[in-house]
Each structure stands twice: as C-alpha cells, then as structure tokens.
Amino acid sequence: MKKIQDRYKVVGVNKVNDVYFRLVLDAPALAREVKPGQFIHIKVSDGLEPLFRRPFSVFRAKAGKVEVFFEPVGKGSKLLAAKEKGDILDVLGPLGRPFTLPSKSVKQVVFIGGGIGVAPFLLFSDILLKHKAEKVLLYGGRSRAHTFSMAGFKANGVKTFVATDDGSVGVKGRVSELFDKIDIAPTTFIYACGPRPMMATVAAFAREKNLSGEASMEEVMACGLGACLGCSISTTKGYQTVCHDGPVFGLEALVF
Ligand SMILES: Cc1cc2nc3c(=O)[nH]c(=O)nc-3n(C[C@H](O)[C@H](O)[C@H](O)COP(=O)(O)OP(=O)(O)OC[C@H]3O[C@@H](n4cnc5c(N)ncnc54)[C@H](O)[C@@H]3O)c2cc1C
Ligand code: FES
C-alpha cells in the first residue's frame, strides 16, 4: 500500500450545518490510492502548534478530490475549519488498514455509524456500488444538528435508518434502537465506526447473533505510523496500534 506525503491545495472548507465542516482537497494521487476506512494525517498549521498531525477519515474520493467531514472539537480541528480556498495543507496518507471488501457470499452489508463515525461509509458505498449485496446504514447522532444528510447514501442505493438521542430525527434513542430494523442472516456482514461505547454494543450484538464484522477504532494519535505506540488498544492479540494495525479491526478481536 503506497503511503504518500504531499502538499495539497484546499479547494474549499465549508460549514455543512451547526456542527460539521467539509474540507475538499485537490489531491489526485491520494484520491486514487485511498481505500474505505483509511485515514489521512493532516498537519493543520505550518508552525509548531499543534506539533502533531490530526487524523481524519476520507469521506469521499472522486475526480481527483478528497473530502473530509469533521467536527471542530479542539485546537487542531478548529484551525482546519479556518482554512480557506487556496491554502496548502501537508498531508500524510492514506494510512492504516482499510475495511475488507465483502466476499461474494455476503448478501447484506450493514454499516453502523455513530456521529462523525459515519464518515468512511459514503466512500465505502461508492466502492460497493456494483456489489450485489443489499446495503443498509444504521446511523445514530445526538440531535438534528449532528445528523448527516442521507442523500449521498440513498443515491448509492443504501437503505438508511436514523436514530437521535433526543428523537429530533428518526427513532429516539441510541443506534442500537435500530438493530431490529434489519433482517439479519448468516450472510450479513457488519461494518461499524463510532464512539467506543457504541462499538462495544455493536460487538456484543454481533457476538449474540453470530455475525462477522469489522470496526474502525479511534484513538488520539501522534506519529500515525506505528512508531510511537501512543495509539495502542487492547485486542485479543495483545496491544495493537490503531494507526498501523488498524484503524479497522475484526469485531471479534476487540477487547472492551
Ligand atoms: C482513524 C481516525 C479517523 C478520524 N476521522 C475523523 C473524521 O472523519 N472526522 C472528524 O471530525 N474526526 C475524526 N477523527 C477524530 C479527530 O482526529 C479528532 O477530533 C481530532 O484529532 C481532534 O483534534 P483537535 O486538535 O481538534 O482536538 P484536541 O485539542 O486534540 O482534543 C480536543 C478534545 O477531543 C478529544 N479527542 C481528540 N482526538 C480524539 C480522538 N481521536 N478520539 C476521541 N477524542 C479525541 C480530546 O481528548 C479532547 O477532549 C478521527 C480519528 C481517528 C483516529
Ligand atoms: S500514533 Fe504513533 S503508533 Fe499510532
């Protein structure tokens, strides 16, 4: 897998709603290489503050452009939100282990996304356009403001179900309230990305129903290359790094 470090021009950064921003980079080589579930490590300032890059999933990679959806939560992501058209960003990537493509025997793909964790699944649904499996997205957000537009997923033939904590969109409650919306079978395969408690619930659900699946995990990162071990998590194989061994792990390998 090729890793590229390069400087890319910002095509635009726009506020999508009260919570999320969308960054578009003119990055043809990156757009060609990146696979669903991989992330890019962005140097958000030219100075020493913040020192470390910030990791973001690729939301879409089309026509030479790479898109990232993000929520400004701290120093790095707020600096990113303030970038303007024409600015140049130093980007390392694509990094990490991507989601495994479903085998031909998989008849139903279930994406489960919590909050910004839905980010890798639009690119994944683009890649799976020709895969014959039924595609379903179960999406959970805190409120209407935290809810992504489902239009891109629907255009890709994905059946979508939404839950919000306050019930302002879709079903009231956590994304697990949506589990009974799907007719699961042994040929169902789960792909999950979201906050850690959600991942624990998804892993327990998969175990109970005897389903296979993968999850993309998040950890605060420094090097992003497997060198500093700062992003290690506990797995059935011992400690593994989210940046290099992951971010995608088999659901059965995760220890909560
Ligand atoms: C593989 C991967 C993919 C990601 N994809 C996306 C994405 O597509 N969109 C997006 O908005 N965010 C994504 N993130 C999270 C994003 O990297 C963090 O929000 C960002 O690094 C925060 O940097 P900051 O300087 O703004 O915040 P900081 O000032 O570093 O931290 C602000 C607060 O956020 C917490 N925090 C920081 N990083 C993380 C993290 N990785 N997980 C949980 N809490 C964190 C800190 O503990 C602190 O409370 C991803 C993270 C990983 C590891
Ligand atoms: S961030 Fe250094 S090993 Fe993952």
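Bear in mind these aren't lab numbers, they're just calculated from the coordinates by the rules spelled out. Note that the coordinates shown come from a computational prediction; the quantities given were computed from them, not determined experimentally. As a convention, Cβ positions derive from the backbone with ideal geometry for all residues, glycine included, and neighbour counts pool all protein chains shown.
Some values worked out for this structure:
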{"read-out": "Distance between modelled label sites at Thr236 and Val255, nm, 7 Å Cα→Cβ extension", "value": "1.2 nm"}
{"read-out": "Interchain or long-range residues, amide H under 5 Å from Gly12's placed H", "value": "Val24"}
{"read-out": "Whole-Hz couplings from phi, Karplus 6.51/-1.76/1.60, listed for segment 77-89; x for Gly and Pro", "value": "6, 6, 5, 5, 5, 8, 5, 10, 3, x, 5, 10, 10"}
{"read-out": "Rounded to whole Hz, the Karplus (6.51, -1.76, 1.60) HN-Hα couplings of segment 20-29, x for glycine and proline", "value": "9, 10, 10, 10, 10, 10, 8, 8, x, 5"}
{"read-out": "Euclidean distance of C-alpha centroids, segment 214-240 and segment 119-182, integer Å", "value": "26 Å"}
{"read-out": "Of Leu178, Gly141, Met199, farthest towards positive along the dipole that unit charges on Lys, Arg, Asp, Glu beta carbons give segment 98-248", "value": "Leu178"}
{"read-out": "Amide hydrogen neighbours beyond the local backbone of Arg97, cut-off 5 Å, H modeled", "value": "Gly246, Val248"}
{"read-out": "Neighbour count of at most 15 Cβ within 10 Å plus DSSP loop: longest trypsin sites (Lys or Arg not before Pro)-free window in the chain", "value": "143-236"}
{"read-out": "Inter-site label distance for Val73 and Leu129 at 7 Å from Cα along Cβ, in nm", "value": "3.2 nm"}
{"read-out": "Whole-Hz couplings from phi, Karplus 6.51/-1.76/1.60, listed for segment 169-175; x for Gly and Pro", "value": "9, x, 6, 7, x, 6, 4"}
{"read-out": "Cβ charges +1 (Lys, Arg) and -1 (Asp, Glu), total dipole of the chain, debye", "value": "580 debye"}
{"read-out": "About the Cα centre, charge dipole magnitude for segment 108-253 (Lys/Arg +1, Asp/Glu -1 at Cβ), debye", "value": "320 debye"}
{"read-out": "Most mobile listed residue (Cys228, Cys243, Cys193) in the chain, GNM with C-alpha springs under 10 Å", "value": "Cys228"}
{"read-out": "Once the Cα gyration tensor of the chain is diagonalised, semi-axes √(5λ) in Å", "value": "28, 21, 18"}
{"read-out": "When each of Lys9/Lys65; Lys15/Lys181; Lys35/Lys85 is checked by Cα-Cα distance, pairs over 20 Å", "value": "Lys15/Lys181; Lys35/Lys85"}
{"read-out": "Antiparallel bridges, percent of DSSP beta bridges restricted to segment 106-192 (to nearest 5)", "value": "0 percent"}
{"read-out": "log₁₀ of I(q)/I(0) at q = 0.10, 0.16 Å⁻¹ - segment 4-94, Debye sum with one point per alpha carbon", "value": "-0.21, -0.56"}
{"read-out": "Distance (nanometres) between label positions extended 7 Å along Cα→Cβ at Phe52 and Leu101", "value": "3.4 nm"}
{"read-out": "With Cα atoms, 0 to 90° folded angle of helix 196-209 axis to the chain main axis", "value": "30 degrees"}
{"read-out": "Residues of type aspartates and glutamates that Lys83 reaches as a straight line, Cα spacing below 20 Å, ignoring anything fewer than 8 places off in the same chain", "value": "Asp6, Asp18, Asp26, Asp46, Glu49, Glu67, Glu71"}
